[in-house]
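Visitor: After the structure tokens below, expect a handful of questions from me.
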Amino acid sequence: MTSTHFKLALAGAALFAQTAHADVILHAFNWKYADVTANATAIQQAGYKKVLISPPLKSSGSAWWARYQPQDYRVIDNPLGNKQQLAAMISALQAKGIQVYADIVLNHMANESGIRSDLNYPGTTVLNQYASNLTYFNNQKLFGDLSQNFLSGYDFHAANCITDYNDVWQVQNNRLCGAYPDKGLPDLTDNSWVVTQQQAYLNALKAMGIKGFRVDAVKHMSQSQVNAIFTPTINSGMHVFGEVITGGGAGNGDYEKFLKPYLDNTSHGAYDFPLFAQIRSAFSPSGSMNQLADPGAYGQALPWNRAVTFAITHDIPTNDGFRYQIMDATDEVLANAYLLGRDGGTPMIYSDNGETANKDGYRWKDYYKRADIKAMVKFHNAVQGNAQQLIGATQCLLLFKRGKIGVVAINKCGSTQNYTVNTASYELNWYRNYVDTISGNTFSVSSQYLNLSVPARSARMWLMQ
């Protein structure tokens, strides 16, 4: 990408960020396309304006992680649905005013070393499937010639596993591997053929009506690879954000080596792992809600127009190495109140099908339409465009307002917290009812000093009526 193109891309991203960038995303993790379609009305009524779906491509196997092991970009056919079902889903959601975002996997192809000795994708077995039912698969085709492989051994880096995750070159050129003797996920190069195929895939999804891309494992792609794929044309009109896992913000090694360069050299957004780390710290027993007063001021939150914010991602419960990041269930609810109450970022709510039911029950099944989460989304939608002002923060309590129409209070501690607001300094509308969208609790300003009470382990999101 030339410097001129990069400046144009940044300008386009800034313009896009000023529109409906902050509308809430429902991460419909591992949902079948038909199930998303069937729930279109419920999704709309819950207040969501965007839905993120799992990778639409050719993959096989029933496990959730198999969706992240592409066999072919040219075809949409996997256990979640096919191209026709995806088109029906996009149409149904568009009719409700909801945009569809797609998770995309560009770093690697499926680890099929146990059933093949070459790197010709999709391979003989899949090509035979295509040939035996050509009418069906041509209907699922996005582009290309299904009688031939579209990748070969020339399109991959050497078959070496990452052994040092602090080594940028290794992380971006070697394979993600499991325990020995796993040979890992074949890692794609950025040669012109691969880039052309990936661009054809992204353009085809855009043509179907996809409005955003979550770039999986972008931490493992070189900056030259990312910039080659994501031209200004592909970025145009799209909300693109990458997954770059870090343990914090400014000063954190992963942030400095991977996330900061990605943000500095693209127009994309990213998962706000710096803010997530700050949230987890604030809600820890020794943490303080002061840490959430203005985390961006000291580099512990991404800029408002680059951040996708969350209290959990799909990798956290489903991967043993990340499960330590699962928050206490009540703390997670309070964290969502913070994310949906604050001004900044694009909030994302995770809702799965009980993929970890053996460990977590059905904690996130239908999470998107819980009464308390819907109430938070309602508050978020009502206060968009109203500036945030901190009222007060203690170890237990965070209190801020959104213009004159909304007030958020979050109490992480085990006892009721009281706070007196001087309305001469923090202006609100007098003699108007402010109703908590979660509990129905109400207050009205009738004197200079407003006394607010927040029960233990709860959030209040008062909205002016």
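Visitor: Examine region 276-283 for a residue that is in a loop (DSSP other than H, G, I, E, B), within 19 Å of the chain's Cα centre (by Cα) and not aliphatic (A, V, I, L, M), and state whether such a residue exists. Steps first, answer last, please.
Guide: Of region 276-283, the ones in a loop (DSSP other than H, G, I, E, B) are 283.
Still in the list and also within 19 Å of the chain's Cα centre (by Cα): none.
There is no residue in region 276-283 that is in a loop (DSSP other than H, G, I, E, B), within 19 Å of the chain's Cα centre (by Cα) and not aliphatic (A, V, I, L, M).
Visitor: Please specify each residue of region 86-111 satisfying the condition of being farther than 21 Å from residue 314 by Cβ and either open to solvent by 30 Å² or more (accessible area, probe 1.4 Å) or at pLDDT below 95 (or both).
Guide: Once the filter is applied, which keeps residues that are farther than 21 Å from residue 314 by Cβ and either open to solvent by 30 Å² or more (accessible area, probe 1.4 Å) or at pLDDT below 95 (or both), region 86-111 yields 87, 88, 91, 94, 95, 96, 97.
Visitor: Right, next: Taking the options 299, 341, name whichever one is small (Gly, Ala, Ser) and crowded, with 24+ Cβ neighbours inside 10 Å.
Guide: 341
Visitor: Go through (1) closer than 23 Å to residue 219 by Cα; (2) assigned to a helix (DSSP H, G or I) and name the single condition residue 125 misses.
Guide: (1)
Visitor: Quick one: how many residues across region 11-55 are at pLDDT 95 or above and either surrounded by 21 or more Cβ atoms within 10 Å (Cβ to Cβ) or more than 12 Å from residue 212 (Cβ to Cβ) (or both)?
Guide: Residues that pass the stated criteria total 31.
Visitor: Among residues belonging to region 200-236 that are of a type outside the set (A, V, I, L, M, F, W, C) and within 16 Å of residue 56 (Cβ to Cβ), point out the one that is surrounded by the most Cβ atoms within 10 Å (Cβ to Cβ).
Guide: My answer is 214.
Visitor: Now for a separate question. Do you know which of the residues in region 112-121 that are of a type outside the set (D, E, K, R) and modelled with pLDDT of 95 or more is least open to solvent (accessible area, probe 1.4 Å)?
Guide: That would be 121.
Visitor: Something else about it: Kindly check whether there is at least one residue in region 237-245 that is among the aromatic types (Phe, Trp, Tyr), buried (at least 20 other Cβ atoms within 10 Å of the Cβ) and over 20 Å from residue 22 (Cβ atoms).
Guide: No, that holds for no residue.
Visitor: Give me the helices (runs of 4 or more DSSP H) completely within region 292-377, filtered to those with at least 2 residues that are touching a strand residue (DSSP E or B) at 6+ places or on another chain (Cβ under 6 Å), ordered by residue number.
Guide: So the answer is 329-341.
Visitor: Right, next: Every residue in region 177-198 that is more than 20 Å from residue 76 (Cβ to Cβ) and open to solvent by less than 10 Å² (accessible area, probe 1.4 Å), please. Full working, then the answer.
Guide: Within region 177-198, the subset more than 20 Å from residue 76 (Cβ to Cβ) is 177-187, 189-193, 195.
Once the filter is applied, which keeps residues that are more than 20 Å from residue 76 (Cβ to Cβ) and open to solvent by less than 10 Å² (accessible area, probe 1.4 Å), region 177-198 yields 184, 186, 187.
Visitor: May I pose another question? Does region 122-135 contain any residue that is closer than 22 Å to residue 66 by Cα, within 30 Å of the chain's Cα centre (by Cα) and either surrounded by 16 or more Cβ atoms within 10 Å (Cβ to Cβ) or among the basic types (Lys, Arg) (or both)? Explain how you work it out, then say what you get.
Guide: So in region 122-135, the residues closer than 22 Å to residue 66 by Cα come out as 122-130.
Then keep just the ones that are within 30 Å of the chain's Cα centre (by Cα); that gives 122.
Filter once more, so that each one left must be either surrounded by 16 or more Cβ atoms within 10 Å (Cβ to Cβ) or among the basic types (Lys, Arg) (or both): 122.
Yes, because at least one residue in region 122-135 is closer than 22 Å to residue 66 by Cα, within 30 Å of the chain's Cα centre (by Cα) and either surrounded by 16 or more Cβ atoms within 10 Å (Cβ to Cβ) or among the basic types (Lys, Arg) (or both).
The values are calculated or read from the model by the stated rules, or taken from the named source; none is laboratory data. All values derive from a computational prediction rather than experimental measurement. Cβ: placed from backbone, ideal geometry, glycine included. Neighbour counts: every protein chain shown. What goes into the accessible areas is simple: the full protein's heavy atoms, side chains included, and nothing from ligands, DNA or RNA. Shrake-Rupley method; radii C 1.70, N 1.55, O 1.52, S 1.80 Å.
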